[in-house]
Amino acid sequence: MALSELYTKYNRVWIPDPEEVWQSAEILKDYKSGDDVLELQLENGTEMRYPVETGNVQLPHLRNPDILVGENDLTALSYLHEPAVLHNLRVRFVESKIIYTYCGIILVAVNPYKQLPIYGDAVIHAYSGQNMGDLDPHIFAVAEEAYKQMARNNRNQSIIVSGESGAGKTVSARYAMRYFAVVSKSSSKTRVEDKVLASNPITEAIGNAKTTRNDNSSRFGKYTEISFDQRHQIIGANMRTYLLEKSRVVFQSENERNYHIFYQLCACADQPDFKHLRLLSADQFQYTCLGGATEIDGVDDRADMAETRRTFTLLGLKEDFLSDVFKVLAAILHLGNVTIKTTSGEKSAVSTSDVHLAVFCELVCVDVDSVCRWLCHRRLVLLAETVVKPVPMERAVNARDALAKHIYAHLFDCVIHRINTALKVPGKQHSFIGVLDIYGFETFDVNSFEQFCINYANEKLQHQFNLHVFKLEQEEYMKEDIPWTLIDFYDNQPVIDLIEAKMGILDLLDEECLFPQGTDLNWLQKLYNFLGSNPLFSKPRLSNQAFVIQHFADQVEYQCKGFLEKNRDTLYEELVDIMKASKFSLLADFFREESQTAVRGVRVKAATPAVKPANKQLRTTVGNKFRSSLYLLMETLNATTPHYVRCIKPNEDKQPFEYDSKRVVQQLRACGVLETVHISAQSYPSRWTYIEFYSRYSILMTQAEVVLNDKKQTCKSVLQRLIPGKENRGLMERLTGLANAHSQGLDKLQALEAELSKSANNRMSLEKQEKRNKEAANQMITQLQTQKAALEAEKKTMEAKMAESAQQMRDNFSELQKRLQEDLEKEERRRKIAENNLENQKEDSGREVEVLQLENRQLREEKLRLQMQLEEEKHQIAELQEQITQLTKHIKVLPELRKDIHNLQSQKTEQERRAREQTHQAKVKMNVIIRQLLGDRSSEDILSAASDDAEEDGNLLLAFDGLQKATRVMETQLRDQREGFESQVEVLSFKMEHLQKENEQLQNLFQEKSDVNESIRQEVARLTAENMVIPELKQQVGELLRQKQDLETQQQEETSQMMGRIEQVSTRLQTDLQEESSRCRQFEQQLEEVQRRLEEQQEQQEQLLKQQQAEQEAKSRLRQETSRLTADNMGLEEQLDMKDRLIKKLQDQIRSLKAPDKANQKATPAVPREYLGMLEYRREDEPKIIQNLILDLRPRGVVVNMFPGLAAHLLFMCVRHADYLNDGAKLKSLMHGIITGLKKVIMEHQEDFEALSFWLSNTCHLLNCLKQYSGEEEFMKHNTPRQNKNCLTNFDLSEHRQIFSDLAIRIYHKFIAAMETMVTPLIVPAMLEHESLQGISSMKPSGLRKRSNSVYEEAAEACSMASILQLLSGFHASMLQHGMDSELVKQAVRQLFYLLGATCLNTILLRKDMCSCRKGMQIRCNISYLEEWLKEKDLQGSSAMETLRPLSQAAWLLQVNKTSDEDAREIRDSCPELSPVQIVKILNSYTPIDDFEKRVASSFVRKVQALLQEREGSSQLMVDTQYRFQVTFPFCASAQALELLQVPSSLRLSFLTRI
């Protein structure tokens, strides 16, 4: 079919319009080949004759049918062209209030100029894990796609955000980074993701400003690399910036502002922290008031400054650095207020008394006179001399402004560098996602150097974009194995060559900058001469100071004025020298680094070779540096997988949801969206799965084709019949095929419309009801038959398996016995070997002790002290330090003593008696000092010898010399001893720590062997205690006898040997323990008998000696107990019987001690017993109770045959026994063991629904038992008299009840989470996507080309409401089987139904394709299935249906009429559970799925909004799916009699005794 054949009557086309760009019109007459006009009728009723060129037929663009308007993806439209794209965006933005739309791989984001509730954490979690296209277009979907591809392919990603100023680039980039921070939360305490987000306020403060187009316009480009580790968690970030607009620092246009940070600073001028900066208000500084607008509506600069300072602190930047930054900023402001006046002719001057100049110089620490001189003078270096030349005022002002611009640019780079340092954390980067926030294509009335660089960057990005899109198209065709030919698309490489190639614009600009007398006009003349013949370059007709470049987006005229100055970006050398000499280190470093660091250019390869630089100075131009940084950026982008976000500014007035078609189409042409459409339109533009094609064009199918079960084959047959001779696989036919199919379908629909409307009203309701009843009955019969057959087959299978299992158990029983016997024998041999080893170790240790005792005789005092107090060694270091301190102090006293001695000698003759007394006193004092220094050590002999010599000679000087010698000896000895003690204490601490660990391990390992290893554990403990003393004594001797080096070597050897010995012993014992535990769990009953025999053999000697005495004491104690009970409880016969039975049992145990073999061989005679409802156990059996009754118990298997709550009742019977004995320690230990065991089993099975259900039920049963038998009246109302006698008597367990209640709540939440994990994947496919109503299709073909998972999974059809109901029934059956309380079951079902409703409602709010009338019918039908299930399970009282009210009202909202005022009021009154935001969102997203439905008019939506203004409701769009209703555990008394409970043998609890 030729394309011209589609121009028939009633079809619609697009024609150009000067106001709206494109206007829709309807064809009044079929077009025939050769006609020169096309008869049309505009939408306003005007008829026109549209001329058609005869030779080159150029027919107007065809308009898409209304059903396709509003698509999520522009490439899904049947007709791909500019008017279709423009109209689709208008419908989505204006009518549906949707700001995001896909265009192939591009996300088009239209700025709404209004805060929307679509960016909360709930929305982030909703998009997390979803494939691109599963939900409505969103910036979060692009971020999730990048994150998923990074994790899946281990390839770096980039998100390129571009657009005009005011289009929303910065906000989009911020939301993308916030998404990564939320979904990749790191577990570290550094909170790197918070730091990454905190960098945004700082960069916006120093790099954003108010412009005429945007209140928060980014005046620089930014590429942020977010680094991830191997677990895909954020570990850091790095920023690269491009082309900061420095000129804004010194000049702003009307109604524009300087950078935000200046106004934030001025707003805080009165604060104490800023007083020293001498700031004024913003309107008093030249650099902040040029634009006239110093404030922005709705912006609080003072609050923004607080946020800026907070984020500086969050990033870890020091307060000193922040203070320096503010000082530099204030200096720039004061520099702008420096007044430069003309003195005479070409001279200018600055007054040294200028206040602002003085403040500037004070802040930056430079000389005032130097600044005054070199602002107004310039040094010229000639061949023979150096001349200082004054400059006119204009050039002096330029010098001042150039200095301000350079200072700010350096400060900007410094802050970015500090931020990057703060965001860099230790750890290897595994991959990264880059977010590029860069300026889009710009064209103004006056375009200069900045616009030229921006448009040059966009040319490079567009070139990379075109190549990437073409590559994706090629890969798609190769994947589907579809023949394709080369697509012709626009290549902008010639424009790039025009700018950067040899003798290009940048090359000629740099060349002209080399000449001191170079001017803008000279450079422009060179452009005319060298580039005049290039078709992409031209000279304007009416100007000799401009040139024109034909960019990919538009033709732009650039004014040459200022190009050279901005490209040179020069600053007088004299001013640079002044800044270098500044005492303000931060400022001085700016200019020192600039002079020391040479900027290295990057060679850019163009289509033709570039000109070789004539001078190194060429590398420092702004254009060259920008070209180099742009080349590095392109290298980075080419090494990553790019994702594109194109931000569109809908109008110039910043009005919310206003759409200016002229401005929008201009931006679409400039950002590559239409280029994507162009490439897609030349290939196979419409790409539908077979299921979607079947749903859309089923009306074109014959009856024979429709009945085929294979929908894929049906689609192939239809296409072969309608479009013969072409192969149709994977992707659908070309544009003409789809247009033909849709045209035929539309004709048939119009022909049948009248006939269908006549009979539909009379028969529709009856037929639907009859069909529904019949299908329901048939479905129920089929299900019952299937279930019956399945149950019978399962029954037979289970019987066969049980028979086989029984036979196998009988066959293997003898083998298990043999294996058990062998294991026991092996265990016996290992035990004997262990005993022998321990005996040998004991003997060796004894010998070592004897040797050490002999060696330590010379140090009896130290040995006794160490033996008496082992822990004293830990404090020796402190004691030695104190002794050294005292020694030092007393040594300082020696000069005083020498002086006293001299005085005594001079007065010896006159006062001999007095001298003798003083001598005696001095000796006493010296003895005290030495005793304090040395304590009880052997140095006393030295002191005594010195004292004797002094007495013999009668000379105090000789005594003092002896004292000095003794002191020196003591100092040497103490120094050696201190060094030895320091190393000794370290070794002793180290060995003591390891020996303590060994002791703990040995005790823990032998504890579980019970009485079998009792003697072994005691021996090990004794040996361990001895071993802790022996190495210490041995080390003490070695330290005092051997040198330091030998001691260190011995310490290392002993440490390594001890470590090896500990590891060997620990490994062997752990292995033995594991093997022993495994066998004990399998053969507990048989092993207990063997253990008792081993215990009796080991303790036989002890028992024979103490047997008689124990028997007598026991009998005496029993007689006394019996007499006391008889006297005290004469009236209580039952308690006397209990004591008698206890006495008899103890007597039997005593008799069994006399003859253990006979007692084991003879069976206990059966006598009638009356049980008390408690289980007796020994304290050492508590671990077995916890292990067998909690940890090893499984919901399936043996538990199936138990009555619900048996485990809880058995545990409570053990609790009763501890209470009966009035043993508080035993009761506390048991309760702690039960709680710990429950926590452990829940942690091990936190995703096992069966286990969680079982233990939730048993925990509640145990909690009820603790209440029922607590003795409190409120819980005893429903007890029998016998149950009241079983109440606890000695202890109040109310605190433990609270602990079990908290534990039950914890189990309940894990139980709910496990069910939610299982049911969540089924909710959307079953309740929303599955077609539960036969014959009614509620799905609209999306046509979206998914990048993550583009293949339609037909297996999803198998997921239906039956799947959810079956899963819910399984949950319910398990809860009932485990005996869960009915009220608790209702609460769990209510929570599950809330999840169903919340998930479905969130999906409806995020998926436009779910908002249709037929989808509402499907949802209400599925809700009715859920309601019937509740009735079937008798759960109507659970309030579960109330949680589905929001979903039910949303489904009703999709079905109700939406045209009149009455409809609006009905919506207000009938949807109380939906918030106003949700109602408006659903109305805006409502999408017709056929030609009989209509969209909701914008006027109607506004009416509903007006009616809902008074309603108070949440402003959140999404429902919190993680919300949990408060759970309560109602008390329900158990009718089970404790005394009748039997302990099943399968639980392996034979060590418990019923009393």
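The values are calculated or read from the model by the stated rules, or taken from the named source; none is laboratory data. In this text, all values refer to a predicted model and were calculated from it rather than measured experimentally. All Cβ positions, glycine included, derive from the backbone under ideal geometry; neighbour counts span all protein chains shown. The area values use the complete protein model at the heavy-atom level, side chains included, leaving out ligands, DNA and RNA. Shrake-Rupley method; radii C 1.70, N 1.55, O 1.52, S 1.80 Å.
Quick notes on this structure:
- The fraction of all Cα pairs in the range 214-322 landing in successive 10 Å bins from 0 to the largest distance is 12, 34, 35, 15, 5, 0, given as whole percents.
- With semi-axes defined as the square roots of five times the eigenvalues of the C-alpha gyration tensor, the equivalent ellipsoid of the range 1395-1541 measures 38, 17, 13 Å, largest first.
- For the range 1-88, the share of accessible area belonging to carbon and sulfur comes to 46 percent (1.4 Å probe, ligands and nucleic acids excluded).
- Residue pairs, from the table Lys97/Lys185; Lys1310/Lys1431; Lys327/Lys580, whose Cα atoms sit over 22 Å apart: Lys97/Lys185; Lys1310/Lys1431
- Taking a ≥ b ≥ c as the square roots of the eigenvalues of the Cα gyration tensor, the range 291-351 is classed as oblate, since a/c reaches at least 1.5 and a/b does not exceed b/c.
- Value of Rg to Rh for the range 67-210, rounded to two decimals, is 0.99; Kirkwood radius and Rg both from alpha-carbon coordinates.
- Computed log₁₀ I(q)/I(0) - Debye formula, equal Cα scatterers, no solvent, the range 294-445, q 0.09, 0.21 Å⁻¹: -0.49, -1.31
- Accessible area, probe 1.4 Å, largest first, for residues His334, His1330: His1330, His334
- Computed packing ranks the peptides 836-844, 1446-1454 as 1446-1454, 836-844, most packed first, by mean other Cβ atoms within 10 Å.
- When the C-alpha to C-alpha distance is required to be over 28 Å, the pairs from Lys1433/Lys1458; Lys711/Lys796; Lys502/Lys625; Lys471/Lys526; Lys148/Lys222 that qualify are Lys1433/Lys1458; Lys711/Lys796; Lys471/Lys526.
- Surface per residue (accessible, 1.4 Å probe) for the range 792-832, Å²: 86
- Calculation over all alpha carbon pairs of the range 1416-1462 in 5 angstrom steps from 0 returns a P(r) of 5, 21, 24, 19, 14, 8, 5, 3, 1 percent.
- For the range 1376-1526, the share of accessible area belonging to carbon and sulfur comes to 43 percent (1.4 Å probe, ligands and nucleic acids excluded).
- Within the full protein context, the accessible area of Asp17 is estimated at about 30 Å² for a probe radius of 1.4 Å.
- In the context of the full set of protein chains, the range 1435-1555 has a per residue accessible area of 49 Å² (1.4 Å probe).
- Å² per residue, accessible surface of the range 1-82 at 1.4 Å: 52
- Carbon + sulfur, % of accessible area of the range 100-192 - ligands and nucleic acids excluded, 1.4 Å: 49
- The packing ranking of peptides 1458-1464, 1224-1230, 1359-1365, highest mean first, is 1359-1365, 1224-1230, 1458-1464, where packing means the average number of other beta carbon atoms within 10 angstrom of each residue.
- Mean separation of Cα contacts under 8 Å, 6 or more apart, over the residue count of the range 1377-1442: relative contact order %: 61
- Dipole of the range 42-114, positive direction: furthest Cα of Leu68, Gly45, Ser96, with charges on the beta-carbon: Ser96
- A probe of 1.4 angstrom, applied to the heavy atoms of all protein chains, finds Ser1515 with accessible area near 80 square angstrom.
- Lys460 - accessible surface, heavy atoms, 1.4 Å probe, Å² rounded to 10: 30
- Inter-label distance, nm, simple model (7 Å from Cα along the C-beta direction), Glu43/Leu380: 6.9
- Peptide packing: for 392-401, 1400-1409, the average count of neighbouring Cβ atoms within 10 Å per residue gives the ranking 1400-1409, 392-401, highest mean first.
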